[in-house]
Amino acid sequence: MEKKGFSRNFRYPSAELRDQLRAAVKERGFRSEQAFLLIAACEHEIRQGANTEATEQFEARVAATLTNLAKQVQGLQTFAHAHVALTDVFLKYVITCVVEPPEDAQPAARVRARLRYEKLVRAAAEGISNKNRGTLKGMVADE
């Protein structure tokens, strides 16, 4: 009985690609273009599968990091809200307890208040890390 062979023709987008493929088939010792394409496709899928697992592990690490950052940001937001509430209560207390000076003494009182304010900002600048110290001192110098 005569062995029947199957012939498949591929339509390549360019003659250059066809020539490169045929050269690779001869160079790597494959029997046909079909065998080369099949094995190359299988190798690609196996590599892609390994990359998929690595990608899933990477995505899991990124998701865990983002979850951790979200928790930290939530903690900072809670702290900021508490800080604003405490500052509000403190300012209400100070405004309630401080007596306004008479009309004729107000300009001198404003000058003294400005000096106390600058002293307060300088004290805060000294208590803050070097990274933010320049910003606060710049605020004092601008005003």
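The values are calculated or read from the model by the stated rules, or taken from the named source; none is laboratory data. For clarity, every value in this text was computed on a predicted model and none was experimentally measured. Side chains are part of the model used for accessible areas, which takes the heavy atoms of the whole protein and leaves out ligands, DNA and RNA. Shrake-Rupley method; radii C 1.70, N 1.55, O 1.52, S 1.80 Å.
Worth a mention:
- Taking each residue as 0.36 nm, the span from Arg116 to Ala35 lengthens on full extension beyond its C-alpha to C-alpha distance by 20.5 nm.
- Of Thr96, Thr87, the order by accessible heavy-atom surface (1.4 Å probe, DNA, RNA and ligands excluded), from most exposed downward, is Thr96, Thr87.
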